[in-house]
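Here's the structure, in structure tokens; my notes come after.
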Amino acid sequence: HYQPMIDLAANRIVGFEALMRWQHPERGFISPGLFIPIAEETGLIVAASQWALREACKALKRIGDRTGHFKDLFMSVNFSSMDFATGTFPEDIANIISSCDIAPEPIHLEITERLLIGQPDRAREALTLCRQAGMGISIDDFGTGYSSLSYLHYFPINILKIDQKFIQEMRRNDGALELVRSIIALGKNMKMKVVAEGVETAEDAQELRVLGCDIAQGYYFAKPMPELDVTKFLREF
Ligand code: C2E
Ligand code: CA
Ligand code: CA
């Protein structure tokens with residue numbers, strides 16, 4: 001599925017996050033929260049991630065062809081630590097992207113803070129190659145890894161995604177609002193695009209707009225949706 005990401009200042013769709021879905025023939029829908037950790041433990045995540053990237057690239061290409069919007073849309077794809085363990089991550093990714101006949105620039109790799117802390121040297125090497133090839137690097141679930149902030153300039157990150165728990169907290173108490181304000185300022189000072197996840201209400205969106213957050217994603221705008229609904233959503237938004 002693909003979840004739209006909205007430029008808050010322009011009120012425009014600027015991209016999508018690809019989120020894996022598993023419709024099991026007997027068990028029905030299985031949450032990624034359940035199967036991703038198992039895929040990580042068993043190593044199946046490497047093949048799954050490559051599949052997800054290929055599907056997302058092909059979808060971006062088709063969406064662009066259908067809507068004429070291609071140039072200004074990006075596609076953000078999630079990766080796990082196992083993906084880096086292969087040693088051929090940058091080549092594999094670049095090959096998949098080029099085989100789908102799209103440029104690397106609209107492809108953003110989402111990596112969690114935890115992953116970067118766990119294997120800093122390997123991750124830095126791989127991500128630097130991906131960044132040099134033109135891909136975007138997005139730090140996912142920012143603020144949940146309890147790390148030192150020094151890694152922010154150690155890695156070639158150009159997008160910072162504020163974890164949705166901060167946005168939820170912001171709704172309930174004013175202290176959290178100041179925290180979100182500070183994270184946005186931090187990202188901007190580091191010359192990163194700042195994305196807020198889990199935006200569920202018009203108030204959240206307005207608050208974040210005032211704080212100068214660049215991009216928002218969440219149920220208020222749209223839930224993750226199948227590719228066919230994306231075209232419709234792009235036309236109607
Ligand atoms: P994530 O990368 O942090 O993805 C965001 C999750 O928040 C998604 O859950 C999305 O559906 C959900 N979400 C979006 N907007 C809202 C909102 O307004 N409110 C609330 N409450 N939730 C919202 P989902 O799709 O269930 O995915 C869960 C996690 O599974 C993802 O968290 C990610 O860590 C992992 N995942 C999903 N697809 C992939 C994948 O292709 N590869 C890898 N490695 N991990 C994946
Ligand atoms: Ca993500
Ligand atoms: Ca996230």
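What the table below lists for this structure:
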| item | result |
| --- | --- |
| The stretch 44-85: radius of gyration and largest Cα-Cα distance (Dmax), Å | 12.4, 37 |
| The chain: calculated mean residue ellipticity at 222 nm from DSSP helix runs of at least 4, using -39500 (n - 2.57) | -15000 deg cm²/dmol |
| Relative contact order computed over the stretch 180-236 (Cα-Cα under 8 Å; 6+ residues apart), in percent | 33 percent |
| By average C-beta atoms within 10 angstrom, highest first, the peptides 98-108, 127-137, 19-29 | 127-137, 98-108, 19-29 |
| Projected area, mean over directions - the stretch 1-95, Cα convex hull, nm² | 7.8 nm² |
| Descending semi-axes in Å of the chain, equivalent ellipsoid built from Cα gyration tensor | 25, 23, 18 |
| Size of electric dipole in the chain: Cβ of Lys, Arg +1 and of Asp, Glu -1, about Cα centre, debye, nearest 20 | 420 debye |
| Residue-count net charge about T86 - beta-carbon cut-off 11 Å; Lys, Arg +1, Asp, Glu -1 | -2 |
| Anchor K191: aspartates and glutamates whose Cα lies under 15 Å away (excluding residues fewer than 8 positions away in-chain) | D214 |
| Dipole magnitude of the stretch 149-208, debye to nearest 20 (Cβ charges: Lys/Arg +1, Asp/Glu -1, about Cα centre) | 340 debye |
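Every number here is computed from the coordinates shown, using simple stated rules; none is lab data. All values derive from a computational prediction rather than experimental measurement. Note: ideal-geometry Cβ built from the backbone for every residue, glycine included; neighbour counts use all protein chains shown.
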